[in-house]
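Structure, as structure tokens:
The values are calculated or read from the model by the stated rules, or taken from the named source; none is laboratory data. It should be emphasised that the depicted structure is a prediction, and the values quoted were computed from it without experimental measurement. Virtual Cβ from ideal backbone geometry, glycine too; neighbours counted across all protein chains shown.
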Amino acid sequence: MEKKEKQELSAAVKLCRVIGVVLVLAAIAYVIWPDDYDSKGIVGYVDDFMVFMAAFTFAHGSFQRPERRYIRRQLYMLSSLFALLGLCWIILLAFMK
């Protein structure tokens, strides 16, 4: 069985890894932030989930091996979807009485 050579990480992948870690830390800070929409019951926790999952899937995608470009692209797309849904949910909660 042949061993494949490890590919070198590009500067863009290294930058995405740093951004992913920062986003996960910011998402955790958002989840524990007291001035949130969490007073609206279980509906208020959906935005926390969406924001965290957007950051987590982005970070998970950026830590994939360089050979897994297709998986990385799918995780980035999933992250974009979570971010869009989270933003829509936050806007919905902001205008909800």
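Among the residues of segment 10-50, which ones are outside any helix (DSSP H, G or I) and either modelled with pLDDT of 75 or more or loosely packed, with under 10 Cβ neighbours inside 10 Å (or both)?
In the first step, residues of segment 10-50 are kept if they are outside any helix (DSSP H, G or I); the result is 10, 33-37.
Scanning segment 10-50 gives S10, W33, P34, D35.
Does I91 count as of a type outside the set (G, A, S), assigned to a helix (DSSP H, G or I) and surrounded by 11 or more Cβ atoms within 10 Å (Cβ to Cβ)?
On the way: of a type outside the set (G, A, S): yes; assigned to a helix (DSSP H, G or I): yes; surrounded by 11 or more Cβ atoms within 10 Å (Cβ to Cβ): yes.
Spelling it out, I91 is indeed of a type outside the set (G, A, S), assigned to a helix (DSSP H, G or I) and surrounded by 11 or more Cβ atoms within 10 Å (Cβ to Cβ).
Checking the structure you have, find out if any residue of segment 73-84 is crowded, with 18+ Cβ neighbours inside 10 Å and under 22 Å from A11 (Cβ atoms).
yes
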